[in-house]
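Asker: My questions will all concern the structure given below.
What follows is calculated from the coordinates using simple rules that are stated; it is not laboratory data. On a predicted model such as this, the values are computed, not experimentally measured, just so you know. Here the Cβ positions follow ideal geometry from the backbone for every residue, glycine too, while neighbour counts run over all protein chains shown.
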């Protein structure tokens, strides 16, 4: 039997899933994003007059994960036990990774995705004065564990390599 979308009732109306009967279990999720930018923008990162773009983006990603249920209508507010956002400068942009953990009745995939997305948007905001053509790419769920749907790991064959962007 094919899976069905859980955020719709029998009449097709959007609904918040009732998780009250689900067990509280350890759950975690990891997501990533890539911000492609020109080499001159990358070189200017340390001199940004607004502050360190990577540190501001890391903080924004952490804050965003905590506010996911305020942004995504059908998300449950969750007690997050850990949020990590890391940013790494690559030859053609900034690679972002987020990891979120909880012990709750539902997963934290959306929190991880929101953290990576908002961190990427913050890098854009901090650097847009130098180049409006900065691109946010490849916001994806990398991994999740826990819950009744089991574990998920993104297929490494589907992953694009940021360094390969130079050939496009």
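Asker: Would you kindly calculate the mean projected area, averaged across all directions, of the convex hull enclosing the Cα atoms of the range 41-132, in square nanometres?
Answerer: Values: hull surface 24.6 nm².
Averaged projected area of the range 41-132's Cα convex hull equals 6.1 nm².
Asker: Name the most mobile residue of 128, 101, 66, meaning the one with the largest mean-square fluctuation, in a Gaussian network model of the chain with Cα contacts below 10 Å.
Answerer: Sorting by GNM fluctuation, first place goes to 128.
Asker: So if each residue of separation counts as 0.36 nm, and I subtract the Cα-Cα distance between residue 89 and residue 153, what length gain in nm does that give?
Answerer: 20.6 nm
Asker: Shifting gears a bit: Starting with the fewest neighbours, write out 130, 78, 21 ranked by other beta-carbon atoms found within 10 Å of each beta-carbon. Let's see the in-between values first.
Answerer: Working: 130 17, 78 21, 21 6.
With the sparsest Cβ surroundings first, the list reads 21, 130, 78.
Asker: If I compute percent of Cα pairs over 25 Å apart from the structure I just sent, which labelled value in (1) 38; (2) 29; (3) 47 lines up?
Answerer: The value computed from this structure is option (1).
Asker: If you don't mind, another one. Would you compute, from DSSP H runs of 4+ residues alone, the mean residue ellipticity of the chain at 222 nm, taking -39500 (n - 2.57) per run and dividing by the full residue count, rounded to the nearest 500?
Answerer: -7500 deg cm²/dmol
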